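Reading through the structure tokens given below for one structure.
The numbers here are math on the coordinates, done by the rules we state, and not lab data. Just so we're clear, the structure is a prediction, and the values are computed from it rather than from any experiment. For neighbour counting, all protein chains shown are included, and Cβ atoms are generated from backbone atoms with ideal geometry for every residue, glycine included.
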Amino acid sequence: MSGEEFQILGFTLGMAALAMVAILPPGLALAWLLARRTFPGKAVLETLVALPLVMPPVATGLFLLRLFGRRSALGRFVHDRLDVDVIFTWRGVLVAMAVMSLPLFVRSARVAFEEVPLRLEQIARTLGASPVRAFVTVTLPLAARGLTAGLLLAFARALGEFGATIVVAGNIPGRTQTLALAIYQLIQLGRDDAAVRLCLAAAGLAFVALFTSERLLRRRPS
Amino acid sequence: MKRLLLPLALGAWFVLPAVPTAAVELNVSAAASLTDALQEIVHAYEASCGDHILLNLGASSLLARQIEEGAPADLFLSADEAKMDSLAKKGLVLAGTRKSVLGNTLVVVVPLDSKLKISAPADLVSSSIRALALAEPQTVPAGIYAKEYLQKLGLWRKVIDRVVPTENVRAALAAVESGNADAGIVYQTDAEISHKVKVAYAVSEAEGPKISYPFAALAASRHPQETRRFLAYLSSPPALDVFRRFGFLVISGPAAHP
């Protein structure tokens, strides 16, 4: 692989990792809400969260483009006040990856939380632990394997993100070009050998992430 | 009577396709910049002869690649001679059908509400342009032309950090329309169909690259006769009128290689 290809690989891995950091807090909160609470509109929230999973990624991309574009209130605000552009920058890549991989994480994390016996949390509470402490010392450790597996799954999804990314961040070599976008451009350039090299790298990374995720989900021999 | 219905229906089923019908479906791969003019021309053509034209619109580079890989296309309308050359070299073009009838020019566009002062090439290096949209400059004709133009003026290396390469020329236009790019380089014809951009300046004939659109039937076409008929229609007066109305230049004979 050439230096350029390593740069693309590094950029993609870095962005996907950053996206995981970004989705962790909202993802955990959403998953916990869906697993442990009942409230009006829960089914609607559940569906909304899962939407990017099944919508055409370019449709999600268009939605994000409208949300962060300079013509929108939010886009204008960050452009004028903070002098920051989301569209056609690495921030666009980050937003696209985060939104597209959030549903996968929330789904796995919700199951992980649901599998923690409620009784154990209640025992912790009766022993005087605050709700936060019970969550941090009982729920979180018990759900850790499932949460990690979900995060890996989301990470693998982020690595391959294409549709939303190309709409929001464009395909700018050296600045917003991820693995998937680079492969697409190489196909157009007719450089199939380089495209295949990157495809193999993508397959390898996805394999490791999925394999580890599956292993984590398999029950620990008791 | 009821017993007769089924055989009758079956009979009709077998007989109908046998009725001599001239209507065929033609797959036309066409450069994205031709979109609007072609849609109008195709509409008129379909009404007059009954053949169906399926338009596959995109960057000429992608279309050429699809054709190389055996995509079922009857006709290729390319935005640059180089793409057609590479197909011809591989023997994929139907001999004697290639013809360059249209030309185009480049313009620099800005969003309609833009306050940027751009009136000459030198203004493109202004730091107030943070994103300059153009079609992918390595593969897509409109981008190759734009890069060629900027290189000729010695500006390419000064703007390269701010270039936003897009899928095809229409995507570059859309990026300027949405305001996400501060300026863009597109074809004159693209600027003309948009109500959301204004032309900052048009690239002069002396400075700009020569842009011509070669059309050709493809060797793999299963309907060479119908394909030739549509190809001929594309350079007929009614079709040329439409092209002209959308801002294309009508040139005679093949133009020099860009």
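Suppose a student asked you for the relative contact order of chain A, using Cα pairs under 8 Å spaced at least 6 residues apart; what percent would you report?
On the way: 261 pairs, mean separation 62.1, N = 222.
Over chain A, the number comes to 28 percent.
In region B:159-258, which GluC sites (Glu not before Pro) fall in coil by DSSP and have 14 or fewer other Cβ atoms within 10 Å?
Hits after loop and neighbour filter: B:GLU205, B:GLU207.
Grab the other residues whose beta carbon is less than 14 angstrom from that of B:ALA32, score K and R as +1, D and E as -1, and report the net.
Around B:ALA32, the charge tally is -3.
Which whole-number percent is the relative contact order of chain B (Cα, under 8 Å, 6+ apart)?
Relative contact order, chain B: 28 percent.
Would you mind telling me which residue in A:THR139, A:THR126, A:THR89 has the biggest mean-square fluctuation in a Gaussian network model of chain A, where springs connect alpha carbons within a distance under 10 angstrom?
A:THR126
What ranking, highest mean first, results for peptides B:198-204, A:146-152, B:81-87 when packing means the other Cβ atoms within 10 Å averaged over each residue?
Numbers: B:198-204: 15.9, A:146-152: 22.7, B:81-87: 20.7.
The densest-packed peptide leads the list: A:146-152, B:81-87, B:198-204.
Short version: ³J(HN,Hα) in whole Hz for each residue of region B:36-48, in order, from phi by Karplus 6.51 cos²θ - 1.76 cosθ + 1.60 (θ = phi - 60°), x for Gly and Pro, what are they?
5, 4, 5, 4, 5, 5, 4, 4, 5, 5, 4, 5, 7
Provide a whole-number value for the mean count of partner chain Cβ atoms within 10 Å of the Cβ atoms in peptide A:128-136.
Per residue, the average neighbour count from other chains is 0.
Averaged across the residues of B:57-64, what count of C-beta atoms belonging to other chains lies within 10 Å of each residue's C-beta?
What the average comes to for B:57-64 is 1.
Would you please give the residues with an amide H less than 5 Å from that of B:ALA30, counting only those at least 5 places away or on a separate chain, with H modeled from the backbone geometry?
B:ASN56, B:LEU57, B:GLY58, B:LEU77
Based only on the alpha carbon positions, what is the Kirkwood hydrodynamic radius of the protein assembly as shown, in angstrom?
25.7 Å
Could you name the aspartates and glutamates in cross-link range of A:LYS42, using Cα to Cα under 18 Å and dropping any fewer than eight places away on the same chain?
In chain and number order, the partners are A:GLU114.
State whether region A:7-58 is rounded, prolate or oblate according to the following rule on the C-alpha gyration tensor (a ≥ b ≥ c being the square roots of its eigenvalues): a/c under 1.5 gives rounded; otherwise a/b larger than b/c gives prolate, and the remaining case gives oblate.
Note, shape of region A:7-58 comes out oblate.
Where the convex hull is taken over the Cα atoms of chain B, what is its projected area averaged over directions, in nm²?
For chain B, the mean projected area of the Cα convex hull comes to 17.3 nm².
Per-residue Cβ counts within 10 Å, from other chains only, averaged over A:166-176: what number is that?
The mean count of partner-chain Cβ atoms within 10 Å per residue comes to 4.
What's the local net charge at B:SER235, with K and R +1, D and E -1, over the other residues with C-beta under 13 Å away?
+4
What are the residues whose amide H is under 5 Å from the amide H of B:LEU218, where those residues sit 5 or more places off or on another chain and H is modelled from the backbone?
B:LEU75, B:PHE76, B:LEU94
Which value at 222 nm does the protein assembly as shown reach when only helices count, each DSSP H run of 4 or more adding -39,500 (n - 2.57), with the total divided by all residues and rounded to the nearest 500 deg cm²/dmol?
After summing the helix terms and dividing by the residues of the protein assembly as shown, the value is -17500 deg cm²/dmol.
Sequence-distant or interchain residues sharing an amide H contact under 5 Å with B:VAL101, placed H: which?
Under 5 Å from the amide H of B:VAL101 lie the amide H atoms of B:TYR213, B:PHE215, each far enough along the sequence or on another chain.
Report the net charge of residues surrounding A:LEU102, where surrounding means a beta-carbon distance below 15 angstrom and charges are Lys +1, Arg +1, Asp -1, Glu -1.
Local net charge: +1.
What shape does chain A have by the C-alpha gyration tensor, where a ≥ b ≥ c are the square roots of the eigenvalues, rounded means a/c under 1.5, and otherwise prolate means a/b greater than b/c and oblate the rest?
Because a/c hits 1.5 or more and a/b fails to exceed b/c, chain A counts as oblate.
Calculate one ³J(HN,Hα) per residue across region B:67-84 by plugging θ = phi - 60° into the Karplus curve 6.51 cos²θ - 1.76 cosθ + 1.60, and present them in order as whole Hz with x for glycine and proline.
Per-residue couplings from phi come out as 5, 4, 8, x, 4, x, 10, 9, 9, 10, 10, 9, 8, 8, 5, 4, 5, 5 Hz.
Using alpha carbons only, how many angstrom separate the centre of region A:128-146 from the centre of region B:157-208?
55 Å
Would you please classify the overall shape of region B:115-175 from the alpha carbon gyration tensor, given that a ≥ b ≥ c denote the square roots of the eigenvalues, rounded means a/c under 1.5, and beyond that prolate means a/b larger than b/c while oblate covers the rest?
Oblate.
Can you tell me which aspartates and glutamates have their Cα less than 12 Å from the Cα of B:LYS158? Leave out same-chain residues fewer than eight positions away.
Result set, ordered by chain and number: B:ASP123.
Which of the trypsin sites (Lys or Arg not before Pro) across region A:10-99 are loop residues per DSSP, with 11 or fewer other Cβ within 10 Å?
For trypsin sites (Lys or Arg not before Pro) across region A:10-99 that sit outside H, G, I, E and B with at most 11 neighbouring Cβ atoms in 10 Å, the list reads A:ARG37, A:ARG81.
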